[in-house]
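Everything below concerns the one structure shown next.
Every read-out reported here was derived from the displayed coordinates using simple, explicitly stated rules and does not represent laboratory data. Model, not experiment: these values are computed from the prediction. Glycine also receives a Cβ, built like all others from the backbone with ideal geometry; neighbour counts cover every protein chain displayed.
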Amino acid sequence: MKSFRKELHFHTKTRRAYVNITPQVEAALTESGIRDGLCLVNAMNITASVFINDNESGLHHDFERWLEKLAPEKPHSQYDHNGYEDNADAHLKRSVMGREVVVAVTGGKLDFGTWEQIFYGEFDGKRDKRVLVKIIGE
Ligand code: ZN
């Protein structure tokens, strides 16, 4: 069995962002040379998510509005966590959107369902963040 590890780096210009990282994950898979196995992609920061959904900008605006209803960023004082920080909303948004995804690798390709793409969800950006890609198989 082969094992491959790679980190992707992000530094968004905005506090919140939704980035399609499918091309970077596909490039990592090609680099790994693995044809059959599993590909894990996880956020390495607790205020960011990796999730799978549709690459449709209207849906991304819907996610943004929905998450702001569930856990509004402001006022910062509404959260106990915000004694030293202002990112409680980002921790909550991350919990809803998830930490990681796992995609089957078949014939050297990500074995996606219909319209599935992998996204990085940033909820406390404007700083250096990381995503781990770990691929195992043969
Ligand atoms: Zn925090």
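For the structure I just gave you, tell me whether Asp89 is buried (at least 18 other Cβ atoms within 10 Å of the Cβ) and either within 30 Å of Gly137 (Cα to Cα) or not hydroxyl-bearing (Ser, Thr, Tyr) (or both).
On the way: buried (at least 18 other Cβ atoms within 10 Å of the Cβ): yes; either within 30 Å of Gly137 (Cα to Cα) or not hydroxyl-bearing (Ser, Thr, Tyr) (or both): yes.
Yes.
Search the range 47-73 for residues that are exposed (fewer than 15 other Cβ atoms within 10 Å of the Cβ) and pair each with any residue that is among the β-branched types (Val, Ile, Thr) and in a helix (DSSP H, G or I) when their beta-carbon atoms are under 9 Å apart and the residues are at least 6 apart or on different chains.
Note: pairs meeting the criteria are Asn55/Thr22; Trp66/Val96; Leu70/Val96.
Would you check which residues across the range 122-138 are surrounded by fewer than 19 Cβ atoms within 10 Å (Cβ to Cβ), in contact with a Lys or Arg (Cβ under 9 Å, 6 or more places away or on another chain) and assigned to a strand (DSSP E or B) and list them?
Leu132, Lys134, Ile136
Each row is one residue, and each column tells you yes or no for (1) in contact with a strand residue (DSSP E or B) (Cβ under 9 Å, 6 or more places away or on another chain); (2) within 21 Å of Phe10 (Cα to Cα).
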{"site": "Ile52", "(1), (2)": "yes, yes"}
{"site": "Leu70", "(1), (2)": "no, no"}
{"site": "Met97", "(1), (2)": "yes, yes"}
{"site": "Lys126", "(1), (2)": "no, yes"}
{"site": "Gly137", "(1), (2)": "yes, no"}
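Which of (1) among the small types (Gly, Ala, Ser); (2) touching a strand residue (DSSP E or B) at 6+ places or on another chain (Cβ under 6 Å); (3) surrounded by fewer than 18 Cβ atoms within 10 Å (Cβ to Cβ) is the odd one out, the single condition Ala43 does not satisfy?
(3)
Show the residue pairs that are 6+ apart or on different chains and have beta-carbon atoms under 8 Å apart, the first residue being within the range 114-134 and farther than 16 Å from Ala28 by Cβ, the second being assigned to a strand (DSSP E or B) and of a type in the set (Phe, Trp, Tyr).
Gly121/Tyr18; Gly121/Phe51; Glu122/Phe10; Glu122/Tyr18; Gly125/Phe10; Asp128/Phe10; Lys129/Phe10
State all residues of the range 16-40 that are of a type in the set (Val, Ile, Thr), out of contact with any Phe, Trp or Tyr (no Cβ under 9 Å at 6 or more places or on another chain) and surrounded by 13 or more Cβ atoms within 10 Å (Cβ to Cβ); if no residue qualifies, say none.
Result: Val25, single match.
Does the range 96-107 contain any residue that is farther than 30 Å from Phe4 by Cβ, assigned to a helix (DSSP H, G or I), touching a Leu at 6+ places or on another chain (Cβ under 9 Å) and within 16 Å of the ligand (Cβ to nearest atom)?
No.
Can Phe119 be described as of a type in the set (A, V, I, L, M, F, W, C), within 21 Å of Glu56 (Cα to Cα) and part of a loop (DSSP other than H, G, I, E, B)?
no
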